Amino acid sequence: MNIFCFRKTVTLGGLFCFSLVIANIVLSQELPPSESELELPAPTELAIEPAELTLDRVIEIALSNHPALQEKSALVERARGMRWDATRPLNPTFGYQGSELGDDGTLGLQGFFYSQEYVTANKLGLSNQVGGWEVETANWNWQVQKLKVAGDARQRFYAVLAAKRRIEILKVMDDVLLDGVNLTQKLVDTGEIGKGQMLQAQLQRKQNLLELRNAEQRLVSTGQALGVVLGIDFVDVDAVVGALDSVVPGYDFEEKFQSIAQSHPIIETARAEMLRHQWAVQRERAEPTPNVQSQVGLQFNNATDEVVVNLQFGLELPIHNQNSGRIAAATADYIRTSHKVKRLELALRQRYVTAFRDYTIAQQTLSQLENELLPLSQESLQSTQTLYKAGLVSYVGLLQAQKAYVDILLSLNDAKREAWQAVALINSGLMNGGLSLQN
């Protein structure tokens, strides 16, 4: 083969190969899918309510359906993806290279080059550590959200139980008051009592009916609030089963706090964030160390009919910018997050102090109502009923005793709700508000 044919073959063959490489790169690119080709994740299938909604089942449904948990889970996957990309070596560059075109009427130097930048100073390893702690932070954030959702579910569950019990008490009282209205009407008709006592009986019943209607509306609202936490449109409040009469557990202040504070997700989130910034400081300190830039080229000199090899190595000189600003910023973030850990530890204890105070007050109120006020109210009602049958107390007096007894029952119901909601808050790591707009 003569020189002309060799030169032509190398030039045209090189251009052909280069064209194939470019075509392969272009064709291998993932084009954006059309709307019809997009595969979006299917929405989470909502759990079907069982015949009974116990506390455990309520929490299970809430954890499986709550959008905030799905949101935090997506952030975990995002952090994993970002970590993966941050630890990959840089992509090489391959391309066409031509120079001295037209020299002596020739094509000059024609060929290809391959360049690669090599990351130094263990920057990819440090980026892996930073990304790893970002994933850990996202995981602990998910755990925080889980506690909030479970706490909301417990709170709403006990609110529904208390609302149902309130209606039961008021309905029993309504039956009693209705009998009283009918009785006083007969006594007025026979002239045994004045009309004033009958009007008093009617007034007491109407007031009770008003409280009953309000209680029924509160139950509807409470059921809707439970449905929001569960992520379902409708909750059959009759299916919610549980007992407010169970013995409220007793807690020691310091012992319970230590069990809550140990590995608490909100503290662990802050610690993971702090460690992430600690590694980020090292990563930024490594940044000024220049990467090695290399390039190799292969060209055919059409003027001399020679093959030329080009080698190039270079380093970026950190003269004008030594990354001092980013190092200072990363250091400030590390200091900030280390103090954030301490602040959150104190904030958690402050929240616990408030929650334990409410728990103690609710427990004391419940104990006094059950052991002192309720027995006294029952005894007073029985005594008044005996005196009424003997004609020593008017019907108005009997109504007052009945009303006092019902008021104690309603107060006892509220105290049980408050006590169990306080227990729920403590057992949920002092976390609630899973649907807060601040999230």
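Quick one: would you say Glu418 is over 30 Å from Lys72 (Cα atoms), loosely packed, with under 13 Cβ neighbours inside 10 Å and not hydroxyl-bearing (Ser, Thr, Tyr)?
Numbers: over 30 Å from Lys72 (Cα atoms): yes; loosely packed, with under 13 Cβ neighbours inside 10 Å: no; not hydroxyl-bearing (Ser, Thr, Tyr): yes.
In short, no.
Could you list, in sequence order, all residues of segment 386-439 that are in a loop (DSSP other than H, G, I, E, B) and under 25 Å from Val188 (Cα atoms)?
Ala390, Gly391, Leu392, Val393, Ser394
Tell me, please, whether a residue that is surrounded by fewer than 22 Cβ atoms within 10 Å (Cβ to Cβ), in contact with a His (Cβ under 9 Å, 6 or more places away or on another chain) and under 30 Å from Gln70 (Cα atoms) can be found in segment 147-159.
yes
Inside segment 64-80, can you point out the residues that are under 23 Å from Asp238 (Cβ atoms) and either surrounded by fewer than 18 Cβ atoms within 10 Å (Cβ to Cβ) or modelled with pLDDT of 95 or more (or both)?
Going residue by residue through segment 64-80, those that are under 23 Å from Asp238 (Cβ atoms) are 64-65.
Within segment 64-80, just Ser64 meets the criteria.
Could you list, ordered by first residue, the pairs with Cβ atoms under 6 Å in which the first is in segment 97-109 and under 18 Å from Leu298 (Cβ atoms) and in contact (Cβ under 8 Å) with a residue 12 or more places away in the chain and the second is part of a loop (DSSP other than H, G, I, E, B) and β-branched (Val, Ile, Thr), at least 6 apart or interchain?
Listed by first residue and then by second, the contacts come to nothing, as the list is empty.
Kindly check whether there is at least one residue in segment 162-176 that is surrounded by fewer than 22 Cβ atoms within 10 Å (Cβ to Cβ), among the β-branched types (Val, Ile, Thr) and not in a helix (DSSP H, G or I).
Checking segment 162-176: not a single residue is surrounded by fewer than 22 Cβ atoms within 10 Å (Cβ to Cβ), among the β-branched types (Val, Ile, Thr) and not in a helix (DSSP H, G or I).
Tell me which residues, restricted to segment 96-119, are in contact with a helix residue (DSSP H, G or I) (Cβ under 8 Å, 6 or more places away or on another chain) and under 20 Å from Phe313 (Cβ atoms).
Gly111, Phe112
Would you check which residues across segment 93-128 are within 30 Å of Ala330 (Cα to Cα), outside any helix (DSSP H, G or I) and not polar (S, T, N, Q) and list them?
Glu117, Tyr118, Val119, Ala121
Would you point out the residue of segment 283-310, among those that are in contact (Cβ under 8 Å) with a residue 40 or more places away in the chain and among the charged types (D, E, K, R), that is nearest to Leu107 (Cα to Cα)?
Asp305
Results for (1) closer than 30 Å to Leu203 by Cα; (2) in contact (Cβ under 8 Å) with a residue 12 or more places away in the chain, shown as yes or no for each residue.
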| position | (1), (2) |
| --- | --- |
| Thr360 | no, no |
| Gly391 | yes, no |
| Val396 | yes, yes |
| Val423 | no, yes |
| Leu430 | no, yes |
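All but one of (1) assigned to a helix (DSSP H, G or I); (2) in contact (Cβ under 8 Å) with a residue 40 or more places away in the chain; (3) not acidic (Asp, Glu) hold for Pro249; state the number of the condition that does not hold.
Result: Pro249 passes all but (1).
Restricting the search to segment 341-386, which residues are over 41 Å from the mean Cα position of the chain (by Cα) and surrounded by 15 or more Cβ atoms within 10 Å (Cβ to Cβ)?
Hits for segment 341-386 are Leu373, Leu374, Ser377, Ser380, Leu381, Thr384.
Any idea which of Leu126, Leu109 is in contact with a strand residue (DSSP E or B) (Cβ under 9 Å, 6 or more places away or on another chain) and more than 26 Å from Gly227 (Cα to Cα)?
Result of the check over Leu126, Leu109: Leu109.
For the condition over 24 Å from Gln70 (Cα atoms), touching a residue at least 60 places away in the same chain (Cβ under 8 Å) and more than 23 Å from the chain's Cα centre (by Cα), what is the one hit in Val188, Val240, Val181, Val220?
Only one candidate qualifies: Val240.
The values are calculated or read from the model by the stated rules, or taken from the named source; none is laboratory data. Note that the structure is predicted; figures quoted are calculated from it, not measured. Every residue, glycine among them, receives a Cβ derived from its backbone with ideal geometry; neighbour counts consider all protein chains shown.
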